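What follows draws every value from the coordinates through simple rules; no lab data is involved. Values in this document were obtained by computation on a predicted structure and should not be read as measured data. So basically every Cβ, Gly included, is an ideal-geometry build from the backbone, and we count neighbours across all protein chains shown.
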Amino acid sequence: MGTRWPDLLGEAIRLLFSGEAGRARILFDQLRSAADTYESGDRCSLSSLWEPFLYLLRRRGYFVSGPAETRNSLHEILEMGPGFDLYDLAAAVAHCDRALARRLNAPSSRAFPELTPFNVDPG
C-alpha cells in the first residue's frame, strides 16, 4: 500500500474542511479498504474527523450544535438516501468505522455510533 492510513485520513479531513464531500467520500472508501494496515500507534485516529464532519454539515446548512440537532440532521440526510453526497459520505465514514472496528477486534463501530443507520452493506 503506497499511502499510509494517517496520510489518507489527514487528506480526508482537509477535504471535509474544504467542503468537498464527494472527494472525501472516495478517501473514506480507500481508508475502509486499508483498515487492515491501521496501526494502533498511528498518529491520527478516526474520531479526529468528527468535528470536520460537523463543520461540513454546518456549512451545508444543517443544525449540529447539540446532540439532538445532530441526530435530526443525520436523520434528514439518511432520508435523502444513496446518491445524495452527504448520505454517501456518512455511509463511507460508517463503513470505514466498521472496518476499523473489525481490524481492532472491537464488537461494533467505535468512533461514530451516530452513523450506525448509514452502516448498510456497501455491496
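Some values worked out for this structure:
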item: Calculated SAXS-style log₁₀ I(q)/I(0) at q = 0.13, 0.17, 0.23 Å⁻¹ - the chain, Debye, Cα scatterers; result: -0.46, -0.81, -1.48
item: Nearest-ten-degree value, helix 67-80 long axis tilted from longest Cα axis of the chain; result: 90
item: Ranked by how many other beta carbons lie within 10 Å on average, peptides 96-104, 74-82 from highest; result: 96-104, 74-82
item: Trypsin sites (Lys or Arg not before Pro) within region 4-96: DSSP coil, no more than 11 neighbouring Cβ in 10 Å; result: Arg43
item: Approximate spin-label separation Ala106-Arg71, in nm, with each point projected 7 Å along Cα-to-Cβ; result: 2.1
